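Read the structure below first, then the notes.
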Amino acid sequence: MDRRTFGSVPSRRLGRSLGVNNIPHKICTYSCLYCQIGKAVKMQVDRREFYKPEKLADEVKMILDNIQDKNDFPDYITIVPDGEPTLDINLGKLITMLKSTGTPVAVITNGSLMSYPDVREDLHKADYVSVKADVFDIGKWKLLNKPHKGLVLNEIINGVRSFAEEFTGKLITETMLIKDINDSDSDLKNTVQHILIYKPDTAYIAIPTRPPAYKEAIPSDENSVNRAYYIFKEHIAKVELLTGYEGNAFASTGNFSEDLLSITAVHPMREDAILELLKKSDGHINMLTELISNKLIEKIEYKNHNYYLRKFSR
Ligand code: SF4
């Protein structure tokens with residue numbers, strides 16, 4: 001098993017986050033236009049076991065035990081795979097094991113399986129759940145999130161609603177704004193009415209800040225983001241924007257290549273962040289060149305910056 005834990009990394013929502021990747025590369029229920037980890041490799045809606053939760057939890061404990069700089073200690077252990085975390089049938093067990101470390105556990109989900117009672121039961125064990133709320137018009141949902149054909153939008157909405165009614169942790173929503181797809185006034189008004197059903201602690205509005213899977217995923221411009229903010233704000237007390245770069249404070253375990261491969265599997269890194277990580281690990285630039293020439297990492301240019309993303313054999 002490859003290393004499935006990455007970070008800790010800076011997170012715009014969670015402070016410092018130690019990521020756990022509980023799903024093999026890009027197995028998801030959606031294939032979003034803006035996905036930062038590439039196009040879906042496999043789409044499915046049936047839950048199954050991918051990795052033993054004991055192994056994932058042991059890896060997390062080892063990372064926590066080896067953190068040398070106390071500033072790198074995570075505020076959350078975050079289950080944020082390069083796929084949909086609720087596809088993992090052992091999710092509840094994993095959350096319980098991770099919580100035994102004493103660090104709160106967050107799960108970042110697209111919410112598409114929250115109509116399943118067992119998924120809701122698992123997520124109730126978490127301290128923090130982030131659920132996707134991009135668009136609620138069926139045609140646009142299909143265009144933007146490209147759901148598996150077995151999914152029904154109304155069932156998802158009802159599932160998230162049932163979950164929200166009983167969840168005692170922090171529930172937040174995240175709306176990714178894509179130019180000319182979900183950022184018109186009428187779409188935004190419809191989106192906020194649905195988000196109200198979920199009663200989130202905070203509604204986050206985001207735009208893609210890293211290279212998207214499909215070139216049609218153009219981030220909404222500043223005007224549209226501002227409009228969205230004010231439309232949301234008319235109805236929801238806490239609305240925040242996630243439109244900036246999260247910074248370069250990626251933690252190092254001392255093994256540059258391993259750190260880079262595990263982080264970039266779920267989180268494309270900007271070149272300046274990589275150079276900082278290299279410095280922290282006492283590494284040499286050749287280590288990066290070698291990963292690129294061995295086709296383990298690929299370089300992508302996006303909005304005047306170079307990003308590096310883990311390459312997987314398809
Ligand atoms: S953005 Fe999330 S939900 Fe959408 S395809 Fe990528 S991993 Fe799946």
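The separation of the range 152-207 from the range 90-118, counted between C-alpha centres, amounts to 19 Å. Over all other residues within a Cβ to Cβ distance under 13 Å of VAL131, the charged ones net out to +2, with Lys and Arg as +1 and Asp and Glu as -1. Using alpha carbons only, how many degrees (0 to 90, rounded to 10) separate the axis of helix 53-65 from the longest principal axis of the chain? Helix 53-65 and the main axis of the chain meet at about 60 degrees.
Our note on the geometry: Cα centres of the range 45-86 and the range 278-296, 24 Å apart. In order along the range 235-242, the phi-based Karplus estimate (6.51 cos²θ - 1.76 cosθ + 1.60, θ = phi - 60°) of 3J(HN,Hα) comes to 10, 10, 5, 10, 10, 10, 9, 10 Hz; Gly and Pro are listed as x.
Principal axis analysis of the Cα atoms in the chain yields extents of 52, 42, 36 Å, listed in decreasing size.
Short-range pairs are left out: with C-alpha atoms under 8 Å and at least six residues apart, the relative contact order of the chain is 18 percent.
For the range 185-286, the list of GluC sites (Glu not before Pro) that fall in a loop by DSSP and count at most 11 other C-beta atoms within 10 angstrom reads GLU234.
Rounded to the nearest 10 degrees, the angle from helix 222-233 to the longest Cα principal axis of the chain is 60 degrees. Accessible surface area normalised per residue over the chain is 44 Å², counting heavy atoms of protein chains with a 1.4 Å rolling probe.
Sites listed here are trypsin sites (Lys or Arg not before Pro) in the range 195-281 whose DSSP assignment is loop and whose Cβ has at most 15 other Cβ atoms within 10 Å: LYS215, LYS238. The residues packed around ASP221, meaning those with a beta-carbon under 11 Å from its beta-carbon, carry a net charge of -1 if Lys and Arg are +1 and Asp and Glu are -1.
Taking the accessible area of the chain, probe 1.4 Å, and keeping the other protein chains in place, the carbon and sulfur fraction comes to 48%. Amide H contacts of THR202 (H built 1.01 Å from N, in plane; Pro and chain starts excluded): THR173 sit under 5 Å, all sequence-distant by 5 or more or on other chains.
Annotation: the antiparallel percentage among DSSP beta bridges lying fully within the chain is about 35. For the chain, adding -39500 (n - 2.57) for each run of n ≥ 4 DSSP H residues and dividing by the number of residues yields -10000 deg cm²/dmol at 222 nm. Derived scalar couplings between HN and Hα for the range 186-193 equal 5, 5, 5, 5, 5, 4, 5, 5 Hz in order, rounded to whole Hz, by the Karplus curve 6.51 cos²θ - 1.76 cosθ + 1.60 (θ = phi - 60°), x for Gly and Pro. Taking amide H as placed 1.01 Å from N in the peptide plane, the amide H of THR78 sits under 5 Å from that of LEU18, GLY19, VAL20, ALA106, each at least 5 places away or on another chain.
Can you give the local net charge around LEU94? Use residues other than it whose beta-carbon is closer than 12 angstrom to its beta-carbon, Lys and Arg +1, Asp and Glu -1. Cβ neighbours under 12 Å give a net charge of 0.
Under 5 Å from the amide H of LEU242 lie the amide H atoms of ILE205, ALA206, ILE207, each residue being 5 or more positions distant or on a separate chain, with H modelled from the backbone and absent for Pro and chain starts.
The values are calculated or read from the model by the stated rules, or taken from the named source; none is laboratory data. Just so we're clear, the structure is a prediction, and the values are computed from it rather than from any experiment. Glycine also receives a Cβ, built like all others from the backbone with ideal geometry; neighbour counts cover every protein chain displayed. With ligands, DNA and RNA removed, areas are computed over all heavy atoms of the protein, side chains included. Shrake-Rupley method; radii C 1.70, N 1.55, O 1.52, S 1.80 Å.
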